[in-house]
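The next block holds one structure in the form of structure tokens; read it before the comments.
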Amino acid sequence: MFDLATATPDCADGGVWLACIDCGQRLAPFDIPVYRCPDCDGLLEARYEQYPTFEEFSGRGVWRYDAALPFESGVSLPEGDTPLHEVPRLESDLDVRSLRVKHEGMNPTGSFKDRGMTLGVRVAEELDVSRLACASTGNTSAALAAYGGRAGLETLVLLPAGKVAAGKVAQAALHGARILEVDGNFDACLDIVSDLAERGEAYLLNSLNPFRLEGQKTIGFEILEAFRDDYGRFPDRIVLPVGNAGNTAALYKAFRELVQSGALAEEEVPMLTGVQAEGAAPMVEAIEEGWDDTERWESVETRATAIRIGNPVNAPKAIPGIRATGGTAVAVSDAEITDAQRSLAAEGVGVEPASAASVAGLRKLRDEGVIESEEDVVCLTTGHLLKDPDAAAAAGSEPEPVPNGTEAVLDHLSG
Ligand SMILES: *Cc1c(COP(=O)(O)O)cnc(C)c1O
Ligand SMILES: [Zn+2]
């Protein structure tokens, strides 16, 4: 279940190739853009001649992990090196052995998407494409616009009209993306942009692109290194929000690579635990039903717009990861998400609603006794509070109007 090793095929380029996760077909990685297996339509995964050990990592940010990446550098802002916050009050409230919060909102454009984009744009340069495109619930579009723009490439984003948080649209617009608002949900946007990519109109930088996940797997390396430095052991469990399940797949890939190189024992691999909003929970359904893929939810709704997704494209990669690591998946309500957003904010950690789903999921699984009090847990928070100012304002306290004058302010405070 953790196996990655096979002999290097002729199609490899610099010790890297793509493999279909369903039929095993192997493809050249940088000849032409390819997103799915030409034979069976399965998802593709990057494979390497050699997998990394911790000793090979040096430098800073995502590119510290170049021993596990297809290139040594790329357009960088720079990304990665995000904090692994202590949250002592939440830790004792949730009653776990230890709780840390990996705040991916501290990346340059405010979400973990930057880690995938630095890699994705580097591959786009290798392929010599001129137009980059993505469908997005918001954060991918912000990252694509920033990294693509910095590389001097044209960027096109398709967003579900009226369903993207204000901060994210503003970023995509200012960083220079051409923004198309589609009268449909995220899944409809992804269908369209996949068609455009298939017709050669643009290079697709959604997490269907296997190289996005190569960048995002560095979250897993960073968590393991930082946790081990602080505690001398690895965490038992990583709890994360799930939209397209790219991160779940990427973390699993990071762990498999370390197991393959002998740097990590199979029993040291943290349990991957996915959290979705109740109104958009096809992964939870698939895990509960024992399916190998999700069934598409046609209508989805949640305040956590970043995970308002009914057809998680990376489910066939992520579901085996959840199972192989002994993890699980759980759905939480929007009210539970807002509560968790407040508890994180009370400790100084400002996150957008989707991010808080991880902590809401941890609370629920603690209440249900699925997660035990002896566990070392890391919650992943995926995006910054300022991404969704409307949600933050709605979850926070109301401003109080006061007259202009010190006495009046004092009166108000004592009233
Ligand atoms: C993209 C995104 C997610 C979902 O991540 P997946 O890898 O698609 O599961 C969750 N939270 C935020 C803030 C995001 O931007
Ligand atoms: Zn195939």
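If you average 1/r across every pair of different Cα atoms in region 178-239 and take the reciprocal, what Kirkwood value do you get, in Å? The partial results should precede the final answer.
Numbers: mean 1/r = 0.0681 Å⁻¹.
It is 14.7 Å.
Roughly how large, in nm² to one decimal, is the mean projection of the convex hull of the alpha-carbon atoms in region 184-277? Intermediate results must be reported in sequence, preceding the final value.
Values: hull surface 30.0 nm².
If I average the Cα hull's projected area over directions, I get 7.5 nm².
Looking at the chain, send over the antiparallel percent of its DSSP beta bridges, to the nearest 5.
Values: 14 of 45 bridges.
Percentage antiparallel, nearest 5: 30.
Search the structure for amide H atoms under 5 Å from the amide H of Ala135, placed 1.01 Å from N in the peptide plane, and list their residues when 5 or more places away or on another chain.
For Ala135, whose amide H was placed from the backbone, the distant partners under 5 Å are Leu158, Asn206.
If you roll a 1.4 angstrom probe over the protein chains with everything in place, what fraction of the accessible area of the chain belongs to carbon and sulfur, to the nearest %? Numbers along the way, then the final one.
Numbers: 7350 of 16340 Å².
Summing carbon and sulfur atoms, their accessible area is 45 percent of the total for the chain.
Non-local amide H neighbours of Thr328 (under 5 Å, H modeled in plane, Pro and chain starts lacking H): which ones?
Counting only residues 5 or more places away or on other chains, the set is Thr273, Gly274.
Over region 113-209, with a single point scatterer placed on each C-alpha, what log10 of the ratio I(q)/I(0) does the Debye formula yield at q = 0.12, 0.13, 0.23, 0.24 1/Å?
-0.30, -0.35, -1.16, -1.26
Beta carbons within 10 angstrom, averaged per residue: use that to sort the peptides 350-362, 319-331, 300-312, 70-82, highest first. Walk me through the numbers before you get to the answer.
Values: 350-362: 30.0, 319-331: 21.1, 300-312: 24.5, 70-82: 18.8.
Result, highest mean first: 350-362, 300-312, 319-331, 70-82.
Which ³J(HN,Hα) values in Hz, rounded to whole numbers, follow from the phi angles of region 396-402 under the Karplus curve 6.51 cos²θ - 1.76 cosθ + 1.60, where θ = phi - 60° and Gly and Pro get x?
3J(HN,Hα) across region 396-402, in whole Hz: x, 7, 7, x, 10, x, 9.
From the residues Ala142, Cys189, Asn209, which one has its Cα farthest along the dipole of region 113-209 in the positive direction, the dipole being from +1 and -1 charges on Cβ of Lys/Arg and Asp/Glu about the Cα centre?
Ala142
Compute the Cα gyration tensor for region 271-383, then decide on rounded, prolate or oblate, letting a ≥ b ≥ c be the square roots of its eigenvalues: rounded whenever a/c is under 1.5, prolate when a/b is larger than b/c in the other cases, and oblate in all that remain.
Values: a/c = 1.94, a/b = 1.22, b/c = 1.59.
Oblate, because a/c is 1.5 or more while a/b does not exceed b/c.
Mind checking which of Gly61, Pro83, Ala245 is farthest towards the positive end of the chain's charge dipole, using Cβ charges of +1 (Lys, Arg) and -1 (Asp, Glu) about the Cα centre?
Gly61
Quote to one decimal, in nm, the extra length available between Arg342 and His412 on full extension: 0.36 nm per residue of separation minus the C-alpha distance between them.
Numbers: separation 70, 0.36 × 70 = 25.20 nm, distance 2.53 nm.
Roughly 22.7 nm would be gained on extension.
Using a basic spin-label model with each label point 7 Å from the Cα along Cα→Cβ, how many nm lie between Glu268 and Ala161?
Result for the modelled spin labels: 5.3 nm.
Could you calculate, for region 360-415, the ratio of the Cα radius of gyration to the Kirkwood radius, expressed as Rg to Rh?
Using Cα coordinates only, the ratio equals 1.28.
Quick one: angle between helix 113-127 and the longest Cα principal axis of the chain, in degrees between 0 and 90, rounded to 10, please.
Long axis of 113-127 versus the principal axis of the chain: about 30 degrees.
Going by alpha carbons, how many degrees (0 to 90, nearest 10) lie between the helix axis of 353-367 and the longest principal axis of the chain?
Helix 353-367 sits roughly 80 degrees off the main axis of the chain.
Along the charge dipole of region 334-386, pointing to its positive end and built from +1/-1 on Cβ of Lys, Arg, Asp and Glu, which listed residue (Ser358, Ser343, His384) has its Cα farthest out?
So the residue we want is His384.
Roughly speaking, what is the stretch gain from Glu55 to Glu278, that is 0.36 nm per residue apart minus the C-alpha to C-alpha distance, in nm to one decimal?
Numbers: separation 223, 0.36 × 223 = 80.28 nm, distance 4.15 nm.
Taking Glu55 through Glu278 to full extension adds about 76.1 nm, to one decimal.
Set the Förster distance to 22 Å, then compute FRET efficiency between Asp195 and Leu174 from the Cβ-Cβ distance, nearest 0.05.
Numbers: r = 28 Å, r/R0 = 1.27.
So, using R0 = 22 Å, E works out to roughly 0.20.
Taking θ = phi - 60°, what integer Hz values does the Karplus form 6.51 cos²θ - 1.76 cosθ + 1.60 yield along region 247-263, in sequence order, with x for Gly and Pro?
5, 4, 5, 5, 5, 4, 5, 4, 5, 4, 5, 5, 5, 4, 7, x, 6
List the extent of the Cα atoms of the chain along each of their three principal axes, largest first, rounded to whole Å.
Result for the chain: principal-axis Cα extents of 79, 48, 43 Å.
Please work out the average accessible area per residue across the chain, using the 1.4 Å probe convention, and give it in Å².
On a per-residue basis, 39 Å².
Want the number for Glu181 to Met1: 0.36 nm per residue separation, take away the alpha-carbon distance, what's left? Provide the component values of the computation, followed by the final result.
On the way: separation 180, 0.36 × 180 = 64.80 nm, distance 4.06 nm.
Computed gain between Glu181 and Met1 is 60.7 nm.
About the Cα centre, and with charges only on the beta carbon of Lys, Arg (+1) and Asp, Glu (-1), how big is the dipole of the chain? Nearest 20 debye, please.
Numbers: 35 positive and 68 negative charges, 146 e Å.
Charge dipole, the chain, about its Cα centre: 700 debye, nearest 20.
Quick one: the Cα spread of region 244-336 along its three principal axes, in angstroms, biggest first?
43, 25, 20
So, in nm, how far is label Leu77 from label Glu374 when the simple model puts each one 7 Å beyond its Cα toward the Cβ?
So the two model labels end up 4.3 nm from each other.
Please report, in debye to the nearest 20, how large the charge dipole of region 113-209 is about its Cα centre when each Lys and Arg carries +1 at its beta carbon and each Asp and Glu carries -1 there. Each step should come with its number before you reach the end.
Numbers: 9 positive and 12 negative charges, 83 e Å.
It works out to roughly 400 debye.
The values are calculated or read from the model by the stated rules, or taken from the named source; none is laboratory data. All figures in this text were calculated on a predicted structure; none of them were measured in a lab. Note that we place each Cβ from the backbone using ideal geometry, even for glycine, and neighbour counts take in every protein chain shown. Quick note on the areas: whole protein, heavy atoms, side chains included, nothing else; ligands and nucleic acids left out. Shrake-Rupley method; radii C 1.70, N 1.55, O 1.52, S 1.80 Å.
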